[in-house]
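Below: the structure, in structure tokens.
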């Protein structure tokens, strides 16, 4: 494996790619509500995503195998540890209510990976819950957090923001469908993921309906739909349609998670 292949693998496995995706959706919220992007929020979202995703992905792997970390895992651990510095620096500039909101999202993320329930290890192991926890945290980070820090917290219950948040929530669930299908052969039966529950075919149908629901709520929120928005929704539906259990790791982990980045790129045109 040459240097570029190793670098690309590290970029994906260390959650840098997904972190850029979360940041892209956060910036989209700032722009859609005509707000100046808060650099501290952007920095916080990026590095907190790196830390959170690496913790969720690798904590179950490391716990029973202490002392047997591979070189790549050591590098990912080092990156996550170094990410704490810029993350901590952003906390000093945020309001107390924003800090509390972030703390709530952080606790949910911890409970997603850490065992705390008597009959299930964590929130991820609660039957049928995983996909909704992911969508809730993403929506909170990319919609709730920027609006709250921008002083829009009092408007959370307005129709515009409610529809916009629902649009983002359904969109995130739709984007997780290819992951659910890919992992359906490996997921334990008690997880009751959508493919395990209704099968791959109906899961794809649900994913398409979720995408269309997201688009509908985006229209209802009053946001102007540019042509690129429609193109990206078509792309999402296409990724869902062509998803299968034999897709490569990078089909979802790179291409599907590139949708938010494309969203950001198209904002400049």
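The values are calculated or read from the model by the stated rules, or taken from the named source; none is laboratory data. This one's a predicted model, so the numbers in the text were calculated from it and none came from an experiment. So basically every Cβ, Gly included, is an ideal-geometry build from the backbone, and we count neighbours across all protein chains shown.
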Legend entry - Residues (at pLDDT below 70 and either under 17 Å from residue 183 (Cα atoms) or part of a helix (DSSP H, G or I) (or both)) located in the stretch 119-136: 123, 124, 125, 126, 127, 128
Inset, instruction - Please state which of the following conditions residue 15 fails to meet, knowing it meets all the rest: (1) at negative phi; (2) modelled with pLDDT of 90 or more. - result: (1)
Inset, instruction - Return yes when residue 59 is buried (at least 18 other Cβ atoms within 10 Å of the Cβ) and either at pLDDT below 90 or in contact with a helix residue (DSSP H, G or I) (Cβ under 8 Å, 6 or more places away or on another chain) (or both) and no when it is not. - result: no
Legend entry - Number of the condition not met by residue 81 [criteria: (1) under 22 Å from the mean Cα position of the chain (by Cα); (2) at pLDDT below 90]: (2)
